[in-house]
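Here is the structure we will look at.
The values are calculated or read from the model by the stated rules, or taken from the named source; none is laboratory data. Quick caveat, the model's predicted, so the values are computed rather than measured. All Cβ positions, glycine included, derive from the backbone under ideal geometry; neighbour counts span all protein chains shown. The accessibility values were calculated without ligands, DNA or RNA, using every heavy atom of the protein model including side chains. Shrake-Rupley method; radii C 1.70, N 1.55, O 1.52, S 1.80 Å.
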Amino acid sequence: AQSVTQLDSQVPVFEEAPVELRCNYSSSVSVYLFWYVQYPNQGLQLLLKYLSGSTLVKGINGFEAEFNKSQTSFHLRKPSVHISDTAEYFCAVSNTNAGKSTFGDGTTLTVKP
Amino acid sequence: GAGVSQSPRYKVAKRGQDVALRCDPISGHVSLFWYQQALGQGPEFLTYFQNEAQLDKSGLPSDRFFAERPEGSVSTLKIQRTQQEDSAVYLCASSLTGTSGTRALEQYFGPGTRLTVT
């Protein structure tokens with residue numbers, strides 16, 4: 001079995017400030033890790049993924065995440081946020097080639113002017 | 001190109017009614033997933049198809065839930081005798097292939113169908 005814990009349900013931050021959204025996972029086998037963004041009334045959009053190789057992964061919109069196997073974490077970061085980054089962010093884990101994913105409960109990022 | 005589409009976008013059903021939710025995946029995508037997203041929670045896996053074969057239905061919450069993909073493209077999720085606890089957003093996702101490889105794991109999500117059972 002696998003699970004995902006997103007440690008912060010809400011993260012308020014001012015525009016142009018850095019942000020980190022935290023994600024921890026548990027799994028008995030090797031995993032693939034994902035971050036998705038969901039804007040209101042829309043589906044999920046993939047931000048970035050870790051499959052293998054370099055533990056620092058860069059994604060779209062200036063986001064990056066670092067896979068830390070010893071701490072079973074995959075935190076999402078952005079050095080300077082914009083108002084348009086306000087959305088719900090989901091961390092997900094998959095341990096099969098079929099791609100079935102287990103999601104966290106999400107973190108609401110609110111960027112204030 | 002066209003993404004994953006779902007219809008209807010919104011559905012209101014009276015308790016006890018049957019509903020059918022449609023998903024049109026990206027053309028050529030082999031894998032198709034259904035997820036249920038309750039308010040304030042992350043998506044939860046319901047079922048998975050590779051072409052027309054339903055390879056995993058472990059997430060379907062009861063025998064009132066049924067999914068099909070008869071020709072390996074469009075899929076329908078059917079809920080019989082709807083209950084209030086079925087109220088949620090139902091998300092469909094597709095991916096290019098069910099075999100191993102990095103692109104296999106990249107799921108493309110539709111906008112979802114918001115089901116409200118009154």
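Checking the stated criteria, residue B:60 turns out to be outside any strand (DSSP E or B), in contact with a Ser or Thr (Cβ under 8 Å, 6 or more places away or on another chain) and at pLDDT 95 or above.
Test residue A:42 against the criterion of being within 11 Å of chain B (Cβ to nearest Cβ) and either in a loop (DSSP other than H, G, I, E, B) or open to solvent by 20 Å² or more (accessible area, probe 1.4 Å) (or both), and give yes or no. Judged against the criteria, residue A:42 is a match. When you scan the stretch A:12-23, do you find a residue that is assigned to a strand (DSSP E or B), touching a residue at least 24 places away in the same chain (Cβ under 8 Å) and under 27 Å from residue B:25 (Cβ atoms), even just one? No, every residue in the stretch A:12-23 fails to be assigned to a strand (DSSP E or B), touching a residue at least 24 places away in the same chain (Cβ under 8 Å) and under 27 Å from residue B:25 (Cβ atoms). Cβ separations smaller than 7 Å between residues 6+ apart or across chains give the following pairs from the stretch B:46-57 residues that are at negative phi and in a loop (DSSP other than H, G, I, E, B) to residues that are surrounded by 21 or more Cβ atoms within 10 Å (Cβ to Cβ) and among the polar types (S, T, N, Q): B:57/B:47. Being more than 14 Å from chain A (Cβ to nearest Cβ), among the hydroxyl-bearing types (Ser, Thr, Tyr) and open to solvent by 40 Å² or more (accessible area, probe 1.4 Å) holds for only one residue in B:58, B:5, B:27, B:75, and it is B:27. Going through (1) more than 20 Å from residue B:38 (Cα to Cα); (2) within 10 Å of chain B (Cβ to nearest Cβ); (3) not in a strand (DSSP E or B) one by one, residue A:49 falls short only on (3).
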